[in-house]
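The next block holds one structure in the form of structure tokens; read it before the comments.
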Amino acid sequence: MDLRFFDQLGSLRKNFSNHRSKVLKTLQPWLGLLLLLGLGHSLVQWITRGGVQDWLEQSPPKPSVWVGVIHSLGLIEVKEQKKLDRLYRLMPTTTDQQGACWTSQDQNWIALFDASAAPTGIRFFEKPASSLSPLLTQWSRLERTWRGIVQLDQKRSDYTTKHPAPLKKKASTRSPFEIRY
């Protein structure tokens, strides 16, 4: 065999490897961009298929979040032991999952199942100056997910639109020393 053939083959191999590295250097940014576009597209597909909804349902809000929402609605935590005992007896259930929330029909009372609330595991919240009414025997459970917080806000606003607070009588602006003819 002729040795020139092997020399030509070696030079072809060198030229090809140089050419290949040049091609890879020019294609590398484009391949990176194509990869990023593919990942972005798959992320959008995951979100539109309900990935966020799945996460919202599988990651319920912590009791501290519930407490913040309940306080923002103007309810305060019940500390009086006599009221706590009575509320505990009126609850339809005394065992539920951590973070479960129950509301009374008149929306003046809320029970939150929280393991940190010793000894019962339930924290009760009341609208200030509300009495223990017969409506307390009718409780409804909210969803334990983030939708439950939305339900709480909706129920509260629905109840207040159906049952507005009575208007207070205006205080007399007249002076007791005023003389009228």
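The values are calculated or read from the model by the stated rules, or taken from the named source; none is laboratory data. Just so it is clear, the model here is predicted, and its values are computed rather than measured. Glycine gets a Cβ as well: all are built from the backbone with ideal geometry, and neighbour counts include every protein chain shown.
Side notes on the structure shown:
- Leu56, sole failed condition from (1) touching a Ser or Thr at 6+ places or on another chain (Cβ under 7 Å); (2) more than 30 Å from Asp96 (Cα to Cα): (2)
- Filtered residues of region 78-112 (kept if β-branched (Val, Ile, Thr) and either closer than 13 Å to Pro128 by Cα or in a helix (DSSP H, G or I) (or both)): Val78, Ile110
Conditions tested, residue by residue: (1) in the same structural domain as Gly148 (by TED's automatic domain parsing); (2) at pLDDT 80 or above.
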residue	(1), (2)
Leu24	no, no
Leu31	no, yes
Gly38	no, yes
Val44	no, yes
Leu56	no, no
Ile70	yes, yes
Leu73	yes, yes
Glu77	yes, yes
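- Among all positions in region 66-77, there is at least one residue which is touching a strand residue (DSSP E or B) at 6+ places or on another chain (Cβ under 6 Å), in a loop (DSSP other than H, G, I, E, B) and surrounded by 15 or more Cβ atoms within 10 Å (Cβ to Cβ).
- Residue in region 37-60 that is in contact with a strand residue (DSSP E or B) (Cβ under 7 Å, 6 or more places away or on another chain) and either in a helix (DSSP H, G or I) or surrounded by 10 or more Cβ atoms within 10 Å (Cβ to Cβ) (or both) present: no
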